[in-house]
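Read the structure below first, then the notes.
The values are calculated or read from the model by the stated rules, or taken from the named source; none is laboratory data. For clarity, every value in this text was computed on a predicted model and none was experimentally measured. Counting neighbours? That spans all protein chains shown, and the Cβs are built from the backbone with ideal geometry, glycine included.
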Amino acid sequence: MGSTEIPGNGHELASVAQQRAERLAELPFEVSVSAGPKSVGGFFASIREIAKHRELLDLLIRRELKSRYKDSTLGFLWSLIKPLVQLLIYYVFIGTVLGASRGVPDFAIFVFSGLTLWGLYAETISTGTASIISNGGLIKKVYLPREIFPLASTGSAIFNFLVQMVVLLLAIIVLGQFPVSWNLLYVPVAFVVVLIWGVTFAVVLSALNVFLRDIQYLVEVAMLLLFWASPIVYSWTLVVQSVKTHTWLLDVYLLNPISLAMLAFQRGLWQAGSQTRVLGDPGNLTVVPPVQWPANMDLLLVLATIAGLVALFFAQRIFSRLQGNFAQEI
Amino acid sequence: MTVSDVTASGTANRGGAQLPVVVRAENVSKRFVIRKEKSLKERIVNFGRSQKHKDDFWALRDVNFEITAGTTLGLVGANGSGKSTLLKVLGGIIEPNDGFVERRGRLAALLELGAGFHPDLTGRENVYLNSSILGLSRKQTDEYFQSIVDFSEIEAFIDTQVKFYSSGMYVRLAFAIAVHVDPDILLVDEVLAVGDEPFQEKCMAKIKEFQQEGRTIILVSHSASQVEDLCDRVLVLSHGNVVFDGGATDGIAALRESFDR
């Protein structure tokens, strides 16, 4: 083989064969099941299996990023142009024309931080859901831990998120709004919560999509709706005001881990939200008090993380059950 | 080599040397359910009649065998007899409904027309990707890269996107990668009849070299001459059952017989 086993005379080859036989005789048998172990420990076995393939995961992420804008002149710039245009639309139309920015100081930073985090979630789920189908050729031919396909989509979504993050941070610094406070710690926490829930849905939906192709279209529609279920283009203050005395509605609203993560992300990066600001033209000034963040936000974030990990466990178990039939359903 | 030669310790006696068993299939059964509708609309419209829209058949029924190291096994049978399904079960791609397959050693499958290739990536990038899919580390691929390119004889196009490759070039590269993975067990599904004649000869030479190196090859083929030429054991499948297990020449005769049934 290659450099090591140059075909020589018959005797040498026989000993190569013999060495191979001896080595193989030592190896334990592995049950080749494509569905992975069924027990609870199967979750950790699958994680180990994925960890073994991390080099491949890395290559798949690169493949996804490279092939996306391969033949376009602007290339990666496109992954920035879309969110920037979104920002422009929300800033001009929702913010200025419809007046959503009236109670929201530094509306641009507010919206762009929301869009950045939402982009991570939406891209993870929508590309993740389609990932098993789009890699069907491979899945039918070789055994790999199939979880790496939704994970590779997640990887490329994280990359795009980081690019947007750089733009966001630059903008914040240029505007002189960099928040030097402990609130910054909310940023990684929000990222982790969104990532866990994004991966959970990506894993379970990618498996279901194999059996019911409508899932991927359903996901697109659901993401459109869910966009408005989190405080991305409107502020938490607006939510608090509109529920009036029915405060239990706020609890329901915060059951969505993404809404919670969104608030944490904004609390970390959107300095103006935690300060008293004065807005408007001279003569028509309004004083905007700091946002009343949910009282037990830290606890809720911890709970959302734990619940996410539990959900991820079940998502992987469902995936594991379903993947045995992937090759024949694709 | 038949199953009865195999001793309890998982080794078999051939030519005086103890050869270990590398693949063991026990009571492997696979049932396919064919649903005719795929979309939600179709399912709702056909709800209740759904059972009528299901068709199932056994692609494999209680298949038992063991393969010792160094064997070249041919899986033959009429179209739809279950040979490719069996190969997929052996490769862990499809899970059997019943029974199990055990194996040991590194397994590689010759991917049909470079299934792992991404058309937008260059040949070089695809070599790394495909090697990784087949289980090579990055370092090993670096080591074998020149040898892979030399074997495929497409050095001039290695930095071209593979979507511009001819199908022959595609297969050359895919084959070159698969043979460099250093497999203990190689699964081959009808892909040897590719490329031009010199390349086919090169492939055959490589397969023979593999045999001498004691690698186990499991081959699905419709070409009787190829099976007779390469295999030292043949399994004939018919409607999901193993109807013959033995030497290549007798195997081909049994195959012809199974067509008539």
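Side notes on the structure shown:
- Number of the condition not met by A:A222 [criteria: (1) surrounded by 22 or more Cβ atoms within 10 Å (Cβ to Cβ); (2) modelled with pLDDT of 95 or more; (3) not polar (S, T, N, Q)]: (1)
- Here B:R215 meets the list (1) surrounded by fewer than 22 Cβ atoms within 10 Å (Cβ to Cβ); (2) more than 28 Å from B:D98 (Cβ to Cβ); (3) of a type in the set (D, E, K, R) almost entirely, failing just condition (1).
- Of the helices (runs of 4 or more DSSP H) lying entirely inside the stretch A:1-72, those containing at least 1 residues that are modelled with pLDDT of 60 or more, more than 9 Å from chain B (Cβ to nearest Cβ) and surrounded by 15 or more Cβ atoms within 10 Å (Cβ to Cβ) span A:42-52, A:54-68.
- If you filter the stretch B:135-161 down to residues that are farther than 21 Å from B:D120 by Cα and exposed (fewer than 15 other Cβ atoms within 10 Å of the Cβ), you find that the one that is nearest to the other protein chains (Cβ to nearest Cβ) is B:S137.
- Qualifying helices (runs of 4 or more DSSP H) (wholly inside the stretch A:245-330; at least 2 residues being among the β-branched types (V, I, T)): A:297-322
- Restricting A:A315, A:A304 to those that are closer than 30 Å to B:K88 by Cα and either acidic (D, E) or buried (at least 19 other Cβ atoms within 10 Å of the Cβ) (or both) reduces the list to A:A315.
- Selection count where residues are more than 7 Å from chain A (Cβ to nearest Cβ), buried (at least 19 other Cβ atoms within 10 Å of the Cβ) and over 18 Å from A:L57 (Cα atoms), scope the stretch B:99-121: 4
- Single residue of the stretch B:74-84 satisfying the filter (within 14 Å of the chain's Cα centre (by Cα) and surrounded by 24 or more Cβ atoms within 10 Å (Cβ to Cβ)) that is farthest from B:G246 (Cα to Cα): B:G82
- One residue stands out among those in the stretch B:19-37 that are surrounded by 15 or more Cβ atoms within 10 Å (Cβ to Cβ) and at pLDDT below 80: the one that is farthest from B:W58 (Cα to Cα), which is B:E37.
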